[in-house]
Structures are given as structure tokens and as C-alpha cells.
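Taking it in order: structure first as C-alpha cells, then the write-up.
The values are calculated or read from the model by the stated rules, or taken from the named source; none is laboratory data. Source: prediction; values computed, not measured. A quick note on method: Cβ atoms are made from the backbone with ideal geometry, for glycine too, and the neighbour counts reach across all protein chains shown.
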Amino acid sequence: MSLFSVAMDMFTPQHFAGPDVLFSTIFAGVIILNLLLTGLAIAGLIAGLVSLSRHRQLLGGSELALWVAIVVLASLIGAIAWFTIGRTRAREIAHAAAPETPPASSD
């Protein structure tokens, strides 16, 4: 048997159908999924904290601290909660507290 035939035998479909190849393929997929979720969590954390800093005047001190803790400790889920619940509530409070401007007179 020549070295060429041994090398070609390594690349036959039977060689790649073993459990080791399947395990390494699944493992690589899990690593890629983990990296994607980690990237999403970091992006959510940054976006949530930036949004919190922009809305800090609308929130009380303890409420702001609570939202910061939620966003930091629960990264992606905390950021989603802030954007769906907290920011909407902060904007509603701001609109309710804002004085209404009277309509312009046409004198």
C-alpha cells in the first residue's frame, strides 16, 4: 500500500461518518451558538445601559438602580425587559408630567 492510497482512504465517506466526526460537528455548532448568544447579551447590556443613561432624569434614584441591576444581572433578558416595560413606563410618566402647551392664538 502506498502512502497516497492511505491518505485517500482517510478521506472516504466511511471515515467521516463516525461518531467522533458527529460529536465534533455538534460541539462546533454549540460553540458558534454560544458565541452568538454571548454577543447578543453584550449588545443588549450595552444598549440597555445607554438607554437607561438617556432616561435617568425620568426615573427616581431607587427605580434607576433597580433597572440598572436588572439589565446588568440579566443581560439580554434584562435589556428586553427595560425596552418593553421600563422605557415605555418612563416615557408615559414624562408625558403625563409635561405641561400642556396652549394652542397658539390666531390674533
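Points to keep in mind about this one:
- Scanning the stretch 48-62 for residues that are at pLDDT 85 or above and either surrounded by 15 or more Cβ atoms within 10 Å (Cβ to Cβ) or not in a helix (DSSP H, G or I) (or both) returns Gly48, Leu49, Ser51, Leu52.
- Just one of the listed residues (Arg87, Arg91) is of a type in the set (Lys, Arg), in contact (Cβ under 8 Å) with a residue 12 or more places away in the chain, in contact with a Ser or Thr (Cβ under 8 Å, 6 or more places away or on another chain) and assigned to a helix (DSSP H, G or I), namely Arg87.
- Residues within the stretch 4-47 that are at pLDDT below 85, part of a helix (DSSP H, G or I) and of a type in the set (Val, Ile, Thr), tallied: 4
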